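The values are calculated or read from the model by the stated rules, or taken from the named source; none is laboratory data. Since this is a predicted model, take the numbers as computed values, not measurements. Neighbour counts are summed over all protein chains in view; Cβ atoms, including those assigned to glycine, are modelled from backbone coordinates with ideal geometry.
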Amino acid sequence: MHQAKKSRSIRLLNFIEEKGNQLPHPVTIFIIFTLLVIILSHILHLMGVRVSFEGVNNETGQMEMLTVEAVSLLVPEGIAYMFSNVVTNFTSFVALGPVLVAMLGVGVAEKTGYISALMTNSVTKAPKKFVTPIVVLMGVLSNVAASVGYVVLVPLGAIIFLGFNRHPLAGLSAAFAGVAGGYSANLLLGTNDPLLSGITTEAAHILDALYVVHPTDNWFYMFISTFLIVIVGTFVTEKLIEPKLGKYVPDEGIEPQQTITPLEKKGLFWANISILITIIAIALLVLPENGVLRGEGGSIIESPFMRSIIFFMMLIFLVPGVVYGMITKAIRNDKDIAGLMSSSLETMAGFVVLIFFAAQFVALFNYTHLGTIIAVKGADFLQAIHLSGAPLLVALIFITAIINLFIAADSAKWAIMAPVFVPMFMQMGIAPEVTQVAYRVGDSATNIISPLMPFFPLIVAFAQRYGKNNGVGTVISLMLPYSIIILISWTIFFVLWYLLGIPVGPGTRLDY
């Protein structure tokens, strides 16, 4: 019976992997979608499709009854728009600039070794009874620079557990659950926040050209979610995974526990001091009642500070990265700093290419009014079947969780989904930033069981260090309990949060 169940589960996973691998590259997907928009816009234009709805007049900023009709991209005006706005569509895409600016700082902190040393030092110093939650927590925090979490913390989790005479695969699983399963949660803002908020803003502009979703607009929810992921990850590790694995009998000698050198400790100390000084300096510009970065009437929400949050995020990583690098000799002069910034942007080349094609798709989708038409028609359908509020958001969470098994790149997924779901949910009275939260919950929960997740093969390779027969099935079987329990508990938490009417970020509302 057990073998039969195992065979069925392996067949299912093989099916997901096979079909997922047959999907085109995300760039190709956006090209296909763009062609479909061009064709569909002309068909709906010929049919005279139009919709009426209550929305914001972009000229007056007032709510009123509006009527829009499908605009064809295959008439002379549409063809001229497509060709003449290619560069503008790309350079004005909201998600592009903030992510590249943030990466200037995050990349330096990552490449000098500061983030890696910080995680290693934090985990190795944890008291025995707090090892599991600390490993999960550091995994969640590492998604500020996700590659570091996968490359450094996941294998480190296994080594730490081994050092405490616990099964290394349990440590690997706990770290992986934090890094990937808790990908959207964090105590800090990460590069994912400006990326997703930029895409959401573009999607909201389909109905409301004045609507802006800030990188901080999910922060309250994601901050508290960090503790939920730590609790769930700790429970699953200690109550389900470790009893399942039993006592570890190594094939070879015990691996030594990883530590950092005295020079790295010195660098870490002064880098952390530099963060503190940087935060104090920023606070002095914001906290006083007459702070120069406050807005009108002393507002912090609508202020130069909030509009500068990406720059400050860059500084909070850049400053300690530079200090750490100078002390550890990873940085010897100003040329090294510039070189590290350049190399951090080199890693974003694939992102820039993807954004180029995503920007064209989103711009044409907006120009043709297809987003508005789909949103209004979709909202009418949802109202007809009486689906709204929390049940509607839960449906989006589970749809995203399923799609995530086949399309692993979160930015590509959201760039496709946002233009449909954000305006549709706005028509149902749900704010764009709340829709974004629902997406992020579903997107995170199934990362750890998707064979198409870019770092999944690396995790399998780490697992094989502790058993030659460990493979894809081994990792999936270990991570499935995390995925299911994270998905269910995080969804319940989201529903409770929504029903209690708690803002998901500073200055946000749940309703539109």
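Of note:
- When region 205-243 is filtered for residues that are of a type in the set (A, V, I, L, M) and not in a helix (DSSP H, G or I), the ones remaining, listed by number, are I206, L207, A209, L210, V212, V213.
- Flag set for W270, criterion: surrounded by 13 or more Cβ atoms within 10 Å (Cβ to Cβ), over 24 Å from the mean Cα position of the chain (by Cα) and either polar (S, T, N, Q) or closer than 25 Å to A109 by Cα (or both).
- Hits in region 438-461 - residues which are farther than 30 Å from F425 by Cβ and touching a Phe, Trp or Tyr at 6+ places or on another chain (Cβ under 9 Å): F455, L458, I459
Rundown of residues vs (1) more than 16 Å from P423 (Cβ to Cβ); (2) part of a helix (DSSP H, G or I); (3) under 27 Å from the mean Cα position of the chain (by Cα); (4) at pLDDT 60 or above, yes/no style:
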{"residue": "S9", "(1), (2), (3), (4)": "yes, yes, no, no"}
{"residue": "P24", "(1), (2), (3), (4)": "yes, no, yes, yes"}
{"residue": "T34", "(1), (2), (3), (4)": "yes, yes, yes, yes"}
{"residue": "L40", "(1), (2), (3), (4)": "yes, yes, no, yes"}
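- Only residues that are buried (at least 20 other Cβ atoms within 10 Å of the Cβ) and closer than 19 Å to I486 by Cβ were counted across region 197-225, and they come to 4.
- For F398, the conditions (1) assigned to a loop (DSSP other than H, G, I, E, B); (2) more than 25 Å from T34 (Cα to Cα); (3) within 17 Å of the chain's Cα centre (by Cα); (4) of a type outside the set (G, A, S) are fulfilled apart from (1).
- Residue within region 381-391 that is in contact (Cβ under 8 Å) with a residue 60 or more places away in the chain, at negative phi, surrounded by 22 or more Cβ atoms within 10 Å (Cβ to Cβ) and assigned to a helix (DSSP H, G or I) present: no
- For region 317-348, filtering for residues that are hydroxyl-bearing (S, T, Y) and without any contact (Cβ under 8 Å) to a residue 60 or more places away in the chain leaves 1.
- Criterion applied to A177, A170 was being farther than 28 Å from F220 by Cα, among the aliphatic types (A, V, I, L, M) and touching a Phe, Trp or Tyr at 6+ places or on another chain (Cβ under 7 Å), and the one residue passing it is A170.
- Members of region 267-310 found to be in contact (Cβ under 8 Å) with a residue 40 or more places away in the chain, of a type in the set (S, T, Y) and either touching a strand residue (DSSP E or B) at 6+ places or on another chain (Cβ under 8 Å) or part of a loop (DSSP other than H, G, I, E, B) (or both), listed by number: none
- Flag if V420 is part of a helix (DSSP H, G or I), out of contact with any Ser or Thr (no Cβ under 8 Å at 6 or more places or on another chain) and either modelled with pLDDT of 80 or more or within 21 Å of Y498 (Cβ to Cβ) (or both): yes
- Residue within region 294-315 that is under 27 Å from T120 (Cβ atoms), surrounded by 15 or more Cβ atoms within 10 Å (Cβ to Cβ), modelled with pLDDT of 90 or more and of a type outside the set (D, E, K, R) present: yes
- Scanning region 453-475 finds one or more residues that are assigned to a helix (DSSP H, G or I) and touching a Gly at 6+ places or on another chain (Cβ under 7 Å).
- Set side by side, the residues G429, G442 differ, and just one is surrounded by fewer than 24 Cβ atoms within 10 Å (Cβ to Cβ) and at pLDDT 85 or above, which is G429.
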